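Structure, as structure tokens:
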Amino acid sequence: MASSETTTDDALYPIAVLIDELRNEDVQLRLNSIKKLSTIALALGVERTRSELIPFLTDTIYDEDEVLLALAEQLGTFTPLVGGPEFVHCLLPPLESLATVEETVVRDKAVDSLRRICEEHNNEDLETHFVPLVKRLAVGDWFTTRTSACGLFSVCYTRLSVATKAELRSHFRSLCQDDTPMVRRAAASKLGEFAKVVEVEYLKTDLIPMFVALAQDEQDSVRLLAVEACVSMAGLLQQEDTEMLVMPTLRQAAEDKSWRVRYMVADRFIDLQKAVGPEITKTDLVPAFQSLLKDVEAEVRAAAAGKVRDFCQNVDPSVQENVIMNNILQCVKDLVTDGNQHVKSALAGVIMGLSPILGKENTVNHLLPLFLSQLKDECPEVRLNIISNLDCVNEVIGIQQLSQSLLPAIVELAEDTKWRVRLAIIEYMPLLAGQLGVDFFNQSLSNLCMTWLVDHVYAIREAATNNLRKLVEKFGSDWASQHVLPKINAMSRDGNYLHRMTCLNCINVVAEVCGKDVTTKTLLPTVLSMASDNVPNVRFNVAKTLQIVGPHIEKEALHSQVKPALDVLNEDPDTDVKYFASEALIENGLM
């Protein structure tokens, strides 16, 4: 008898501990307890998890948001712990409670978990257990329950009977017409997802009217979400249906009184264009796009300007050039001199992409003046965006047409007072070097690259060092020996110890690409000359450099020159210098 009682006590122990911890005043303890739920469920076994643990969790949902969030997440993975798909419906009560709480992130996580376990219901259980839950949430007294319901229609709809499907469509319609804006907003955000699973005839008769109503809602936060649904719906309908049922509403949205709605249209324009196809693009979207490019709000113009290249690329090739020249180009010319720097910057990031579409003659006659104007723009981001996309133009007209105008813009950016602008131009330097050619680079840009190595900002010096490696890879070790290495060697004698350390960093990165001969004959003497530097930081960086470049030094020099220098450093009074010297000796096999 005693043994039996002990066994019962042992079996009850995990749930007792959980209850104690869940009631503890310390939130962290309660959170840890929730995160260990799966372990507790394993200890209890599937039957007691279903009969004790799940009811307990359902009854005690009144906790801090952090704990509830963890619980909502855990329950989504609980199917195996309650006995598999056959019993998955027992997880619905606690998740239903969590889907009604006030905190949005908790509700969203509960809906995510419900969507996941919906897949694990068989068709019968779906009708018996899951659909009633959706209906209860859809008609709940609080708006929180009704917003949660919106996310559950699409995941269960396809597997239901005809009568139940009709009920769900009716409930969804009610949610789209709800008195509370938050519920209409939730319905609008899920309308496109629901449209993808609803049969086409009901899409036309039931969902399109819902979409039209939401797109005319008094709240702009609802109307802008209807634009999202428009993308999904347009892709599901035949062209004539799209033209008749969707386009009038889309045309309205593109001219909506709220700039936020127009911004959403501009932001999703390429998706809309792909969904409606080339014919509707030509008749409807071209004028709508022109209108967005001329919008009174800068945010809308910027969003549309950033889509210029993609929009033009997706226009039917037979009318592509005609559309750009007659409809888009004038808008682009106006945007180049726009008063807002974000608009100009967005355009500068994509305008070069029009070159391959328009060809050499049109690029030279119409686009080149715009590029040159943007290269002189007062805003650094505009100049940077043009420079970063030069390869498009290079392929069409060659770089020579641009090079003379490029140089002043590059120099200005290279000397900009904002270090992040200088950093950005460094990253484009290898690309520019390849496009402008070695002669132009040596003549005009080589000195800039060396100037960056002694910049007062460490991030610039570091980027310039990595830039040097890419340039040596591009132009070869002979070019490096002639144009770079003499300047690196000169830095080893600089009065500023930071510049001497940058010299060592440069040697670290170029040694590998210069080859053993150049490294041994030119770079090694420079490193060894700094081994007796009076600054310990420089000396231990010498040891580190000898460790890094060791594999790129000829074996004889390694023993005759590197080992004696490291032996001296290994006796240095500074502990850091000794440490790195011994590391270098071991790494190079010289101990």
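The values are calculated or read from the model by the stated rules, or taken from the named source; none is laboratory data. Quick caveat, the model's predicted, so the values are computed rather than measured. Here the Cβ is made from the backbone with ideal geometry for all residues, glycine too, and neighbour counts use every protein chain on show.
Going by the conditions given, is LEU431 surrounded by 20 or more Cβ atoms within 10 Å (Cβ to Cβ) and either part of a helix (DSSP H, G or I) or aromatic (Phe, Trp, Tyr) (or both)? Outline the logic, then answer.
On the way: surrounded by 20 or more Cβ atoms within 10 Å (Cβ to Cβ): no; either part of a helix (DSSP H, G or I) or aromatic (Phe, Trp, Tyr) (or both): yes.
So LEU431 does not fit the description; no.
Run down VAL131, VAL88, VAL105 and say which single residue is exposed (fewer than 15 other Cβ atoms within 10 Å of the Cβ) and part of a helix (DSSP H, G or I).
Numbers: VAL131 fails: exposed (fewer than 15 other Cβ atoms within 10 Å of the Cβ); VAL88 fails: exposed (fewer than 15 other Cβ atoms within 10 Å of the Cβ).
The conditions single out VAL105.
Pick from segment 468-507 the residues that are assigned to a loop (DSSP other than H, G, I, E, B) and of a type in the set (S, T, N, Q): which of them is surrounded by the fewest Cβ atoms within 10 Å (Cβ to Cβ)?
ASN496
Of all residues in segment 140-173, count the ones that are of a type in the set (A, V, I, L, M) and crowded, with 20+ Cβ neighbours inside 10 Å.
Looking only at segment 140-173, we keep the residues that are of a type in the set (A, V, I, L, M), and these are 149, 152, 155, 160, 162-163, 166, 168.
Adding the requirement that they be crowded, with 20+ Cβ neighbours inside 10 Å leaves 149, 152, 155, 168.
Of the residues in segment 140-173, 4 are of a type in the set (A, V, I, L, M) and crowded, with 20+ Cβ neighbours inside 10 Å.
Cβ-Cβ under 6 Å, sequence separation 6+ or interchain: first residue in segment 478-504 and closer than 24 Å to PHE441 by Cα, partner surrounded by fewer than 16 Cβ atoms within 10 Å (Cβ to Cβ) and among the aromatic types (Phe, Trp, Tyr). Which pairs?
none
Could you give every pair whose Cβ atoms fall below 9 Å, whose first residue belongs to segment 444-463 and is farther than 12 Å from ILE426 by Cα, and whose second residue is of a type outside the set (A, V, I, L, M, F, W, C) and assigned to a loop (DSSP other than H, G, I, E, B), counting only separations of at least 6 or pairs across chains?
As it stands, the answer is VAL454/ASP494; VAL454/ASN496, since those pairs meet every condition given.
Can you pull out every residue in segment 153-167 that is touching a Lys or Arg at 6+ places or on another chain (Cβ under 8 Å) and closer than 25 Å to VAL231 by Cβ?
Step one: list which residues in segment 153-167 are touching a Lys or Arg at 6+ places or on another chain (Cβ under 8 Å), which gives 153-155, 157, 167.
The answer is PHE153, SER154, VAL155, TYR157.
Report, by residue number, each residue of segment 508-559 that is assigned to a loop (DSSP other than H, G, I, E, B) and either farther than 23 Å from ASP478 by Cα or of a type in the set (Lys, Arg) (or both). Lay out the reasoning, then the answer.
So in segment 508-559, the residues assigned to a loop (DSSP other than H, G, I, E, B) come out as 515, 530-535, 553-554.
Scanning segment 508-559 gives MET530, ALA531, SER532, ASP533, ASN534, VAL535.
Any idea which residue in segment 365-383 is farthest from ILE324 (Cα to Cα), counting only those that are in a helix (DSSP H, G or I) and at pLDDT below 80?
Quick first cut of segment 365-383, residues in a helix (DSSP H, G or I) only: 365-375, 380-383.
In the following step, the residues that additionally are at pLDDT below 80 were identified as 372, 375.
Working: LEU372: 20, LEU375: 22 Å.
Restricting to residues being in a helix (DSSP H, G or I) and at pLDDT below 80, the top hit is LEU375.
Just checking, which of ASP206, ASP217 is in contact with a Ser or Thr (Cβ under 9 Å, 6 or more places away or on another chain), closer than 21 Å to SER174 by Cα and of a type in the set (D, E, K, R)? Before you say what the answer is, go through the steps one by one.
Details: ASP217 fails: in contact with a Ser or Thr (Cβ under 9 Å, 6 or more places away or on another chain).
Of ASP206, ASP217, the one residue that is in contact with a Ser or Thr (Cβ under 9 Å, 6 or more places away or on another chain), closer than 21 Å to SER174 by Cα and of a type in the set (D, E, K, R) is ASP206.
Select from segment 180-211 the residues that are among the aromatic types (Phe, Trp, Tyr) and under 21 Å from THR164 (Cβ atoms) and write down the one among them that is surrounded by the fewest Cβ atoms within 10 Å (Cβ to Cβ). It would help to see each step written out before you state the result.
Taking segment 180-211 and keeping what is among the aromatic types (Phe, Trp, Tyr), we get 194, 202, 211.
From what is left, the residues that are under 21 Å from THR164 (Cβ atoms) are 194, 202.
Values: PHE194: 24, TYR202: 14.
Per the criteria, the residue is TYR202.
May I ask you to list pairs of residues, at least six apart or on different chains, whose Cβ atoms are under 6 Å apart, with the first in segment 567-584 being in a loop (DSSP other than H, G, I, E, B) and the second being surrounded by 14 or more Cβ atoms within 10 Å (Cβ to Cβ)?
ASN570/LYS578; ASN570/ALA581; ASN570/SER582; ASP572/LYS578; ASP574/PRO536
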